[in-house]
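Peer 1: Dumping the structure here so I can ask a few things about it.
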Amino acid sequence: MMFKAIGQFFTTLFTLFSALDKGAKSLDHLASIAEAESEGLAEQMSIERKARLSELNQRLKVA
């Protein structure tokens, strides 16, 4: 009876740590996705900024 209780205790601990590990891996995956998205956003903003500067330079040349 006592060995069964000890076995269930360790099974519970294993399940708990396994769930925590999966949760940590999920958070790491979400962070990597967010990092990739932020890099893409920074690149898009740079392209838009260059386009606005080009447009402003064209307006200054005309004026």
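Derivation of every value follows stated rules applied to the coordinates shown; laboratory data play no part. What you see is a predicted model, and the numbers here were worked out from it, not measured in a lab. Positions of Cβ are backbone-derived with ideal geometry, glycine not excepted, and every protein chain shown enters the neighbour counts.
Peer 1: Could you work out how far helix 2-62 tilts from the main Cα principal axis of the chain, as a 0 to 90 degree angle to the nearest 10?
Peer 2: Result, in degrees: 0.
Peer 1: Can you divide the C-alpha Rg of the chain by 2.2 N^0.38 Å and report the result to two decimal places?
Peer 2: That ratio works out to 2.57.
Peer 1: Assign unit charges at the C-beta atoms only (+1 for Lys and Arg, -1 for Asp and Glu), then state the dipole size of the chain relative to its Cα centre in Debye, rounded to the nearest 20.
Peer 2: About 140 debye.
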